[in-house]
Amino acid sequence: MCGKLVFFEMKKLCGMRMLYVFVLLCIGFNGLLILGNQYGEDYVSYVKEVGQKVGRRMGDEFSGKALQLSACVEKERLLSETGKATDIFETYDPNKTAKLLIGTYRMEGWPAEALERKYQKQEQRIHELDAADASMDLGAAGMTKTLFEFLFAKLCRAVITEGMLTAVFAALYMSGCEQTERTWQIVYATRRGRMVHREKLLAGFFYTMAVYSVTAQVSYMVFAFVWQLGDIWNTNMSTQFYTISASGMEVPFVPWMDVTLRGYLVAVVMLGAGVAVLFYLLAYLAGLLTKNSLKAFLVLFAAFALNFELIMLAGDAGRWGLYEAALWTPVFFWWSQPLWFSDMGIQAVIPWQECAVGTLCLVAAVLLLVYGFHYFSRKDLG
């Protein structure tokens, strides 16, 4: 019976034409985003070809072989970008970064101590990257930062945000469709009728994951087709050409694990699915308790806006304990996506904080939803 009800609820959800329109608009937007950001494609293609001919590890040998290539504007640019490349991790000291952040933002107390401990733990990663000459990876040379920022700060942000919105819309529809269709008095008249929300929850979950999967796959396939990166996909994410702005400081991108561009994209997509699931559960809970999709949406929007406001006010006031606590929320879990798996500056006090925040929020959302089902089953719906 459970399987049949899930299938029935899925049919109701799939019958919503506006959701199809929304998905098509998302895919179309992502396609236009990719096609409209092709600056430097010719140079990236040239770097890819050079990497195939002379190797992808910069150094004296690489420079010597590159000098023998046919003369062209791209060659001169590549030589100027790679000729004086040195291993940046030989001299990089994460403890100096910690002290600079603490001094710049005048942090004190447990947030400052936690930040210092985090960067002390990063020392081992720096040694590993130094030993592997990770920063000497060619990547896309001078176009690496532009390319990576587009992929992760723009395209991935768009795909994950679209998945999040799809999750919210699906959850609000599934939790409130009986009220919208005015069948709630019949459906919820019995205890079993109220328990139908279990099947509705599963149906919406499967729909959300399917839409997120399709949107992500189509978008990244278009990106791969347009850019034709080839061996650049195997670039170490800690190449010296890719730096990030963490809390206003330009620092090397140092993930907590050894990962290539391809592997990092897969990790971001998988954790992005966690964002979609988390917002689906929260939106379903809001819809279940308010019995009104619009009210539920407004409640979620207000909560998320207040979270952002709290983060900004706490940071401006130097209340760093409150600031760090306000980052352990679903909103910042989503917002911090371009910095996932890195040290994240002052926006994280422990390694892998995005994973810890995501796990904690998911567990909390599940527990709240269990309570919501219990409350709904006993609530007077008159």
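Summary value for the chain: 23 percent relative contact order, contacts being C-alpha pairs under 8 angstrom separated by 6+ residues. Farthest toward the positive end of the dipole of region 1-65, out of 8, 55, 23, is the Cα of 8, where the dipole comes from beta carbon charges about the Cα centre. Helix 94-105 and the longest principal axis of the Cα set of the chain meet at an angle near 60°. Coordinate range of the alpha-carbon atoms in the chain per principal axis, descending: 80, 50, 31 Å. The charge dipole of the chain, taken about its Cα centre with unit charges on the Cβ atoms of Lys, Arg (+1), Asp and Glu (-1) only, comes to about 2040 debye. Once the convex hull of all Cα atoms in region 81-174 is built, its volume per residue stands at 180 Å³. Roughly how many percent of the accessible protein surface of region 197-347 is carbon and sulfur, given a 1.4 Å probe and a whole-percent answer? C and S fraction of accessible area: 71 percent. Please determine, in degrees from 0 to 90 and to the nearest 10, the orientation of helix 197-227 with respect to the longest principal axis defined by the Cα atoms of the chain, where the helix direction is its Cα long axis. The two axes meet at around 20 degrees.
Express the Stokes-Einstein translational diffusion coefficient of region 209-331 in µm² s⁻¹, to the nearest whole number, given a Kirkwood radius over alpha-carbon pairs, 25 °C and a viscosity of 0.890 mPa s.
137 µm²/s
The reciprocal of the average 1/r between distinct C-alpha atoms defines the Kirkwood hydrodynamic radius, which for region 266-359 equals 14.2 Å. A 1.4 Å probe run over the protein chains yields, for region 119-182, 33 Å² of accessible area per residue, whole-number rounding. Placing one equal scatterer on every Cα of region 1-106 and applying the Debye formula, the log10 ratio I(q)/I(0) at q = 0.20 Å⁻¹ is -1.03.
The values are calculated or read from the model by the stated rules, or taken from the named source; none is laboratory data. A quick note: this is a predicted structure, and the numbers were derived from the prediction, not measured. So basically every Cβ, Gly included, is an ideal-geometry build from the backbone, and we count neighbours across all protein chains shown. Accessible surface is based on the protein model in full, side chains and every heavy atom, while ligands, DNA and RNA are left aside. Shrake-Rupley method; radii C 1.70, N 1.55, O 1.52, S 1.80 Å.
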